[in-house]
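Take a look at the structure below.
The values are calculated or read from the model by the stated rules, or taken from the named source; none is laboratory data. Note that the structure is predicted; figures quoted are calculated from it, not measured. Cβ: placed from backbone, ideal geometry, glycine included. Neighbour counts: every protein chain shown.
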Amino acid sequence: MTVVMETAADRDRSALRLRPWLATDMPDLLAAMACEYPTQGLRSHPDVAVPGPQRWSGPRNDQEAAHWLSGQELGWECGDWLTFAVLDVSQGRVVGQVGLGNREGGRVGIGQRGEIHYWTAAGARGRGIAPAAVRAVTGWAFSSFGAQRLPCIMLVHALDNQASCRVAEKSGYPFDELSPANPPYWFTDGHIHLAKAPAR
């Protein structure tokens, strides 16, 4: 399945295009990783094994980028890990990512809660890219799957991550409840924000 979405320019933000990741996006992704590397890297598909004994921390080089991309492609094939590259249309380059999975595991859109995650390149933050991209994917997901197949989508972040809290609110994900730490799965308290599928 190939999904392409466009969002119009708004104030300081250029128009955005969202679509599945391509091999041609990897140089932009690696350049962004070199500027500011996420704490645990960008997640790949859960079924894509990490080479060697270490935990995933990529992508940092061409080999890891190819491995990471294979996970994104597998996710679309299986329907359980739907990730979008977010491109600045005016510059033609990747500035972020939004991904959607099933909170309980398995395919998205089988009657269970979804969970959305996002990342914005350091040089592109502060321009409203993340909320616009999250809103676009949320709208597409609810429209595609409907309330019966996708009743709600969660956005979860660490308690002290105020930036993600603001993104959630701007994206249409109001605060729902606290998520206590639950080692070894997650080690810090968090916020659960929740967007509910509109009634048809």
- Working only within the stretch 105-143, note down all residues that are polar (S, T, N, Q) and either within 21 Å of Ala8 (Cα to Cα) or buried (at least 19 other Cβ atoms within 10 Å of the Cβ) (or both). Thr120, Thr138, Ser143
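With the condition kept exactly as written, say whether any residue in the stretch 43-64 is small (Gly, Ala, Ser) and either modelled with pLDDT of 90 or more or assigned to a helix (DSSP H, G or I) (or both). Can you show your working first?
Filtering the stretch 43-64 down to residues small (Gly, Ala, Ser) leaves 44, 49, 52, 57-58.
Checking which are either modelled with pLDDT of 90 or more or assigned to a helix (DSSP H, G or I) (or both) leaves us with none.
No.
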- Selection from the stretch 165-200 of residues that are more than 15 Å from Ile116 (Cα to Cα), among the aliphatic types (A, V, I, L, M) and touching an Asp or Glu at 6+ places or on another chain (Cβ under 9 Å): Leu178, Ala181
- Query: Looking at Ile110, is it in a strand (DSSP E or B) and more than 19 Å from Thr2 (Cα to Cα)?
  - Reply: no
- Do you know which of the residues in the stretch 157-177 that are modelled with pLDDT under 95 and hydrophobic (A, V, I, L, M, F, W, C) is farthest from Ala133 (Cα to Cα)? Leu159
